[in-house]
Amino acid sequence: MSRDEHERTLGQGPGPFVDPDRTGGRGETPSSTALATDPLCLVIQQRARATPRSYGSRRVPRASPSAVAPLVLLVLLVALAGPAGAQQKRDETLQSEQKKLLQTQKRLKEEREKAAAARARETSLLAELERIDQRLAEKQAEVTRLAARIKRTQSDIATLRGEVTRLEGQREGQEETLARRLRVMYRVHAQGGALPLILSGDDPVTRAVAVRHLASLAALDARLIREYRGTSERLADRKGREEARQRELAALHAEAQTEQAEVDREAAKRRTLLARVRDERAYHERMVGELTEASRRLEAFISELQARQRKLARVPPPKGGVEPPGVGFGNLRGRLPWPAEGRIVTTFGAQVHPRFGTRTFRNGVDIEAAEGTDVAAVYAGHVIYTGWFKGYGNLIIVDHGNEYYTLYAHIAEIEAKEGEDVRQGQRIGTVGDTASLAGPRLYFEVRYQGKPQDPAEWLRQRG
């Protein structure tokens, strides 16, 4: 058979890629159209045309189906792997971007929370000073209370110690008396007891007297023993109470030390805050602004108090700028007594800070005085307010009639009661440093119809 006939014989048989299902199981050869559209067949045909069949006279056999199938599968996998790998890369990139976005959102949330916390901490300087002053006052009051308790406990211990000493002396005397009685009784028993003494005489009267004497001695001995026991019990009670008081005193001392440490810490916070206000421009300017606002609030508050007083007295508002006749408070310009012993260190009116150049206006004067110095009412009047006012500390306002008022601030201890009448020179409080930026001092104002007056023009001249 020639080579052409052999090839035609091979081409007529069913090939290796014939699908039995498509030929109906009869071993029929698929149509040329089906073979042309089958991608696997196309690949095989292309490879068959591209591969030489012989080299010289040597014939090269055709590739078998078992050898071609892995190659076709590899080609298909490479073709399919390209789009799948690209999709996977895109998914990984998307996940990375989403992760970065989440991290950015998390950082943004943390920064917002930090900013909110910073704003919450950034309270006003006056509010912070007020909080420190009030806590400091509470701790100082607690220390004072503990000191009073310690003093009372020490007094009780001293009293108990005196009673113990007295009872110990009393018991020593009783012990000596009982010792003498025991020695007598021992001698009596050494001589045979009391019975021979009773029976030694023939006279019944003598025996009766001896019996009565012995009975009296026995009663005396019993009383001495009872008294000794009572003294011992009282002595043990006093010693027990003294020991309990000593333990209480030790506990009070420990508690007082703890409270004093709190006082020292709050005082240190206060000093730190005031140092910043004094030395740092930003803090100083903030404080100046807040004090100015506090002054406005005080003026509005005084106006409210005036309106309330007029309503209670059913008096119409006065005409502005018209002063009443020179009577009462209005007649004492330049002759009012000083509210506290001291000297004016901050005057009334416009003030310029020597370092920062800030300008403020003082509605009153600062009188420098030792802490605890008495503060007295400069004229008889009615106390219309006592309490804490932001920027002024403990504040007392007295209505002197005819639209005249005096104000006393930075008070340590308020002794006047709101709603009571006070006389001229009456002690209404003590000098302190509540809400003061410069230590213990009394802030003093004089107001007429709500307007501040220069207190130096109302106080009597010294020296």
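Worth a mention:
- Sorting 96-106, 282-292, 298-308 by their mean Cβ neighbour count within 10 Å, with the most densely packed peptide first, gives 282-292, 298-308, 96-106.
- In nm, spacing of pseudo-spin labels at Thr292 and Arg229 (7 Å Cα→C-beta vector): 8.7
- Label sites at Gln309 and Asp203, each approximated as a point 7 angstrom past Cα along Cα to Cβ, lie 10.2 nm apart.
- Sequence-ordered 3J(HN,Hα) estimates for the stretch 296-312 from the Karplus curve with 6.51, -1.76 and 1.60 and θ = phi - 60° stand at 5, 5, 5, 4, 5, 5, 5, 4, 5, 5, 4, 4, 5, 5, 5, 5, 5 Hz, glycine and proline given as x.
- Backbone phi angles across the stretch 402-408, fed through the Karplus curve with coefficients 6.51, -1.76 and 1.60 (θ = phi - 60°), yield HN-Hα couplings of 6, 6, 9, 9, 10, 10, 10 Hz in residue order; Gly and Pro are listed as x.
- Sorting the segments 377-387, 131-141, 406-416 by their mean number of nearby beta carbons within 10 angstrom, highest to lowest, gives 406-416, 377-387, 131-141.
- 5 angstrom amide H check on Trp388, placed H, neighbours 5+ away: Leu395
- Taking θ as phi - 60° and the Karplus parameters 6.51, -1.76 and 1.60, the scalar couplings of the stretch 379-392 work out to 7, 4, x, 10, 6, 9, 7, 9, x, 8, 10, 4, x, 10 Hz in sequence order, x denoting glycine and proline.
Values quoted throughout were computed directly from the atomic coordinates according to the rules given, and no laboratory measurement underlies them. Being a predicted model, the structure only gives us computed values, none of them experimental. Note that each Cβ is placed from the backbone with ideal geometry, even for glycine, and that neighbours are counted across all protein chains shown.
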